[in-house]
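*Asks:* Pasting a structure here, questions to come.
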Amino acid sequence: MPKENCPKFRVIGRASEDVKARVEQETRNLLIQQNLDDLPNEWKEIIQQSELPKTAEELSLINLANQKTSKLMMNAGLAAFDMPPNNFRLLPASAYEKMAQEKGSAGATVLMFQMITLNAGEARKSLLVFGCAVFHEMMHLKSHLTLQIESEHEGALVKTSYREGLMVKPSQNIIAQNKYHEHFRGLNDALVASQEKKFFQDLLKLSFIQEKQKDFLDAETIKIKEQASRESGVPEDEIVWMSRDGKDGVTISYQPHREVLDFVVDEIQKELPDQYSSKEQVLTEFLKAFFTGQISSLARLVEKTFGPGSFEVLGMMGDDDQTPIQVLEYLKRARAHQINADKR
């Protein structure tokens, strides 16, 4: 990847400007040419012992995800870049769980090391699952990143993530007080998943997907999907993969969070029709903030539509299943109040 096409990462904190510049360049280097020696020793060992080669189809899906995410960046008026396939580390389930410290997920992004780990046990259930996992994690990796460096600890720099996409993380001072908190995680995940759903529909049109995934598209599996959709409430077009016995499946994630995002985008467009003729134009504002980290314009749009303090409430939506319900109820009441106030 040419250096001029690589993004610049923001570094804040009380460290010297020379140190900040060095860390920014090191992060760029991790994206441009990632070497195992740049990673923590325990990760290096796991990768050396367990990493799996990617198939030609999997490499094609990584390339397609690069194209689609780059197009989203360009539509938002930003310079695009490709993520090298080598920065995807495909691991067996047991190795992935050791490295990612989680079970069951298909992938995880480590922004500070510009790396994505993929769980072969989940991601390789089908090419559709692999493609969605790659796109989802690549969206996270291409999002805005701000790092914080305040001091050195035992001769080493203390480096933490402060901003990731729309998400605002705590400062090192807050972390030191064991008062960890985040804002906009739920909104961040909702935006990524909303784009993943669109990408999934693109995958279904690919000839090699149609050939390889005949079992997913045949009449018998369609009936199983229809039944699963009725029983779970998950729309059929959000079921990415399902086993032949219907007992295991993969869906587009963060459904309640996407419902909140859709409501917010819809109401902003209704409030400002002269400024935004379509919901897609409003969504582009969210994507622009996601890729740049500049969320003040979103705050103005949300509070213009839902009233003072509403953006802060939106930021309280986490990645759990309960807070989206609470936030949506609040926003509906706030919107009704705002509409009534505008009529007076």
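*Asks:* So what J values fall out for the stretch 105-119 if you push phi through Karplus, 6.51 cos²θ - 1.76 cosθ + 1.60 with θ = phi - 60°, rounded to Hz, Gly and Pro as x?
*Replies:* Each residue of the stretch 105-119 in turn: 7, 8, x, 8, 10, 10, 5, 5, 10, 6, 9, 10, 9, 10, 8 Hz.
*Asks:* Report the gain in length on full extension from Gln210 to Glu236: 0.36 nm times residue separation, minus Cα-Cα distance, nm rounded to one decimal.
*Replies:* Working: separation 26, 0.36 × 26 = 9.36 nm, distance 1.73 nm.
Stretched out fully, the Gln210 to Glu236 stretch lengthens by 7.6 nm.
*Asks:* Continuing with the same structure: Report for the stretch 40-140 the percent antiparallel among DSSP-assigned beta bridges with both residues inside it, nearest 5. List each step's numbers first, then the result.
*Replies:* Numbers: 4 of 8 bridges.
The antiparallel fraction comes to roughly 50 percent.
*Asks:* Taking 45 Å as R0, compute the FRET efficiency from the Cβ-Cβ separation of Gln67 and Asn178 and round it to 0.05. Let's see the in-between values first.
*Replies:* Values: r = 43 Å, r/R0 = 0.96.
So the FRET efficiency works out to roughly 0.55.
*Asks:* I would also like to ask the following. With a Förster radius of 30 Å, plug the Cβ-Cβ distance of Gln49 and Met112 into 1/(1 + (r/R0)^6) and report the FRET value to the nearest 0.05.
*Replies:* The formula returns an efficiency of 0.85 here.
*Asks:* Grab the other residues whose beta carbon is less than 13 angstrom from that of Ser105, score K and R as +1, D and E as -1, and report the net.
*Replies:* On the way: positive: Lys103, Lys125; negative: Glu97, Glu102, Glu122, Glu137, Asp189, Asp319.
Here the count lands on -4.
*Asks:* Here's another thing I want to ask about it. Which residues in the stretch 164-199 have a backbone N closer than 15 Å to a point placed 7 Å from the Cα of Leu272 along the Cα-to-Cβ line?
*Replies:* Counting only backbone N, you get no residues.
*Asks:* While we're here: Calculated FRET efficiency, Lys343 and Asn75, Cβ-Cβ r, R0 25 Å, to nearest 0.05? Don't jump to the answer; show the numbers that get you there.
*Replies:* Details: r = 35 Å, r/R0 = 1.42.
Approximately 0.10, to the nearest 0.05.
*Asks:* Kindly provide the trypsin sites (Lys or Arg not before Pro) of the stretch 174-241 that DSSP labels as loop, not H, G, I, E or B, and whose Cβ sees at most 13 other Cβ atoms within 10 Å. Intermediate values should be presented prior to the final figure.
*Replies:* Numbers: sites: Lys179, Arg185, Lys197, Lys198, Lys205, Lys212, Lys214, Lys223, Lys225, Arg230; in loops: Lys179, Lys205.
Answer by residue number: Lys179, Lys205.
*Asks:* Now for a separate question. Pairs of lysines 8 or more apart, or on different chains, with alpha carbons under 19 Å: count those in the stretch 255-343, would you?
*Replies:* 11
*Asks:* Helix-only estimate, please: 222 nm mean residue ellipticity of the chain, summing -39500 (n - 2.57) across DSSP H runs of length 4 or more and dividing by its residues, to the nearest 500. Spell out each step's value before the answer.
*Replies:* On the way: 16 runs with 191 residues, N = 344.
Per the formula, -17000 deg cm²/dmol.
*Asks:* Mind listing the long-range amide H neighbours of Arg10? Cut-off is under 5 Å, sequence gap 5 or more, other chains count too, H placed in the peptide plane at 1.01 Å from N.
*Replies:* Long-range HN contacts for Arg10: Leu145, Leu147.
*Asks:* What relative contact order, as a whole-number percentage, does the stretch 40-140 give when Cα pairs under 8 Å and 6 or more residues apart are counted?
*Replies:* Working: 125 pairs, mean separation 30.4, N = 101.
Taking the mean separation of contacting Cα pairs over the length of the stretch 40-140, I get 30 percent.
*Asks:* Rounded to the nearest 20 Debye, what is the dipole magnitude of the stretch 1-137 about its Cα centre when Lys and Arg each give +1 and Asp and Glu each give -1 at the C-beta?
*Replies:* Here the size comes out at about 340 debye.
*Asks:* Additional query: Taking the Cα-to-Cβ direction at Leu157 and at Glu42 and moving 7 Å from each Cα, how far apart do the two end points lie in nm?
*Replies:* It is 2.3 nm.
*Asks:* Here is a further query. Report, for the chain, the % of DSSP beta bridges that are antiparallel, rounded to 5. Kindly include the intermediate steps, with their values, before the conclusion.
*Replies:* Working: 17 of 24 bridges.
Just about 70 percent of them are antiparallel.
*Asks:* For the chain, what class follows from the C-alpha gyration tensor (a ≥ b ≥ c being the square roots of its eigenvalues): rounded when a/c is under 1.5, otherwise prolate if a/b is larger than b/c, else oblate?
*Replies:* Verdict is oblate for the chain.
Just so you know, all these numbers are worked out from the coordinates, no wet-lab data involved. Quantities reported herein were computed from a predicted structural model and do not represent experimental measurements. Note: ideal-geometry Cβ built from the backbone for every residue, glycine included; neighbour counts use all protein chains shown.
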